[in-house]
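Here the structure is laid out as structure tokens; the discussion comes afterwards.
The values are calculated or read from the model by the stated rules, or taken from the named source; none is laboratory data. Just so you know, these numbers come straight off a predicted model, no measurement behind them. Here Cβ is always computed from backbone atoms with ideal geometry, including for glycine, and neighbour counts include all displayed protein chains. For the accessible areas, the whole protein counts, side chains as well, though only heavy atoms, and no ligand, DNA or RNA atoms are used. Shrake-Rupley method; radii C 1.70, N 1.55, O 1.52, S 1.80 Å.
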Amino acid sequence: MALEKEAKRMAAEFEYSKDDLNRGVQHFMTEMREGLGKTGGHISQIPTYVTAVPNGTEKGTFLAVDLGGTNFRVCSITLHGNHTFSLTQSKVAVPRTLMETQVAAELFSFLAKQIENFLKTHHNDHFETHKAKPGQVAYFDLGFTFSFPVEQVGINKGALVRWTKGFSIQEAIGKDVCELLQKEIDALNLPVKVSALVNDTVGTLMARSYTSPGKESTLIGAIFGTGTNGAYVERLSNIKKMKDIDEKQGGANYDTTTGLMVINTEWGSFDNALKVLPDTPYDRALDKESNNPGIQMFEKRVSGMFLGEILRRAMLALHNSDNSNASFLKDKTSADNDLTTTTVIEPDSALFKQWGIDTSFLSIVEEDQSDHLRITKQVLEKDLGIQAAATEDAIAIKMLVHAVGKRAARLAAVALGAVILETKRLETDGFVDIGVDGSLVEYYPGFEDYIREAFRETQGIGEEGEKKIRIGLAKDGSGLGAALIALTAHDAEKP
Ligand code: BGC
């Protein structure tokens, strides 16, 4: 009982109340406006130079690559013009050493090499003809999904602001990532032009617009995966900083006729000052020991890369607690069946290692309805090297998991809710459509339900508003979306 009480107390530290939620939404809206006014706010509000969303009739074949986390994907996409598409892809893990290399070219030449392999396998005729007779075949337009904050100055131009999600290549900061990739593509003499730079959230927004049936266009593309971020459609007239940006470039280098532009919010850095975000001792320790302390504070409470680590720190605190009655993952006699369990934690258990717990662990535990939480015990043994955990331990872990996961979903609702309210789309449109992607929304049980519950508690949305919000998975957003933007870029270049 003492353990259950202690776990409950810790779980309560993660509660994010209705008041917290509403304060969060208000502050998020303030930071959105600040970001539209000037460069350098917490929420960056980066103009993407994408000024229209697709309607499903687009056609053509394009290449797309996607760098944003553990894997690098290369694909070719054929848009059929009837809301459907076909996609061929290959995927490789990005070697850890390249994520932290001193020399940016090492990473980008690895990426170009993967594009070359892909062309040889899937478009060999094109590849060979180009090698034999350069200039004879058309170049492929390539959409580069690069899922890190980039201050864009054009559809295929932009300087890297900072790395996130464990990448750290100092040399690349401030550089144009399209240029870095094009240079390596040219070095291999490939018939490929990097024609669009795309954040994964923008790709998700485009992909959802292309595939989603119905007249309402999609408002938001959001990722809740390794990292988190969102892009949305904003009125050009609200993007006050655009005037300065245009002046610096000698005029607007994009289509102004739609009166709209997609904004990449980079909401991972919402409230870095921690004015409204919850802050437990586990959040604080995680941040302090991360490779980017003080930034991406919202992301560190919401996304997959961090939830396992928050949980690990909470579990470790419980294990090391001075409260000897609340013995956790230690030998004990179970109240359940009066049996004594001898729990063994292997010395090299992931419980003792930074980033040791993967989010998939949380998903499995949250989902576990088995007798005596048998599945949780199995995964404790398999993933964390913890043998013969008692049922009480598993119950305590489940409580903590639930608390960490639910808080993440409610914070996700802060971001989505704020964008919905700030754009006033509930007032003007019949429905609000959101495309989402990422392991957390896809696999974490109940993630969307908790978001919806929070929407109902949000002033300005409420029960009625929540019913008008559609959330749909936009799989392959980064591939399809990048192709759609490459298409727009290609069309814009035509005389
Ligand atoms: C990056 C964003 C990206 C998000 C989701 C964040 O860490 O800053 O650019 O969209 O992860 O992949």
- Please work out if residue 403 is under 26 Å from residue 224 (Cβ atoms) and under 18 Å from the mean Cα position of the chain (by Cα). no
- Task: Could you look through segment 387-443, keep only residues that are open to solvent by 20 Å² or more (accessible area, probe 1.4 Å) and small (Gly, Ala, Ser), and pick out the one that is farthest from residue 464 (Cα to Cα)?
- Result: 388
- Quick one: which helices (runs of 4 or more DSSP H) lie wholly within segment 97-213 and hold at least 1 residues that are within 16 Å of the ligand (Cβ to nearest atom) and open to solvent by less than 10 Å² (accessible area, probe 1.4 Å)? 177-187, 200-211
- Query: Is it the case that segment 176-194 has a residue that's over 30 Å from residue 137 (Cα atoms) and modelled with pLDDT of 95 or more?
  - Reply: no
- Query: If a residue has to be open to solvent by 20 Å² or more (accessible area, probe 1.4 Å) and outside any strand (DSSP E or B) to count, how many in segment 82-95 make the cut?
  - Reply: 4
- Query: Taking interchain pairs and intrachain pairs at least six residues apart, which have beta carbon atoms under 7 angstrom, with the first residue in segment 291-312 and within 15 Å of residue 281 (Cα to Cα) and modelled with pLDDT under 95 and the second part of a helix (DSSP H, G or I) and among the hydroxyl-bearing types (Ser, Thr, Tyr)?
  - Reply: none
- Task: Find the helices (runs of 4 or more DSSP H) located wholly in segment 360-439 whose residues include 1 or more that are closer than 30 Å to residue 325 by Cβ, and list them.
- Result: 374-384, 391-423
- Note on the structure: In the set 30, 57, 70, 39, the lone residue that is β-branched (Val, Ile, Thr), at pLDDT 95 or above and open to solvent by 10 Å² or more (accessible area, probe 1.4 Å) is 30
- Consider residue 336 carefully, then state whether it is open to solvent by 30 Å² or more (accessible area, probe 1.4 Å) and either assigned to a helix (DSSP H, G or I) or modelled with pLDDT under 95 (or both). yes
- Does any residue in segment 144-172 that is within 21 Å of residue 251 (Cα to Cα) come within less than 7 Å, Cβ to Cβ, of a residue that is within 13 Å of the ligand (Cβ to nearest atom) and polar (S, T, N, Q) six or more places away or on a different chain, and which pairs are these? 152/48; 158/152
- Collect the residues in segment 298-329 that are of a type outside the set (Asp, Glu) and not in a helix (DSSP H, G or I), keeping them in residue-number order. 298, 303, 320, 321, 323, 327, 328, 329
- Item | segment 1-17, residues that are charged (D, E, K, R), surrounded by 14 or more Cβ atoms within 10 Å (Cβ to Cβ) and not in a loop (DSSP other than H, G, I, E, B) | 4, 6
- Given the conditions (1) part of a helix (DSSP H, G or I); (2) surrounded by fewer than 19 Cβ atoms within 10 Å (Cβ to Cβ); (3) at positive phi, report the number of the one that residue 355 does not fulfil. (1)
- Cβ pairs under 8 Å, 6+ apart, first in segment 225-246 and over 23 Å from residue 417 (Cβ atoms) and charged (D, E, K, R), second within 16 Å of the ligand (Cβ to nearest atom) and in a helix (DSSP H, G or I): none
- Message: Please go through segment 446-462 and give me each residue that is open to solvent by 30 Å² or more (accessible area, probe 1.4 Å) and either in a strand (DSSP E or B) or under 18 Å from residue 409 (Cα atoms) (or both), ordered by number.
- Response: 448, 449, 450, 452, 453, 456, 457, 459
- Query: Inside segment 467-495, can you point out the residues that are touching a helix residue (DSSP H, G or I) at 6+ places or on another chain (Cβ under 7 Å), surrounded by fewer than 24 Cβ atoms within 10 Å (Cβ to Cβ) and at pLDDT 80 or above?
  - Reply: 468, 469, 471, 472, 473
- Task: Tally the residues that are away from the ligand (no atom under 16 Å from the Cβ), of a type in the set (Val, Ile, Thr) and open to solvent by 10 Å² or more (accessible area, probe 1.4 Å), restricting the search to segment 217-246.
- Result: 2
- Query: Among 263, 345, which is the only one that is among the β-branched types (Val, Ile, Thr) and away from the ligand (no atom under 16 Å from the Cβ)?
  - Reply: 345
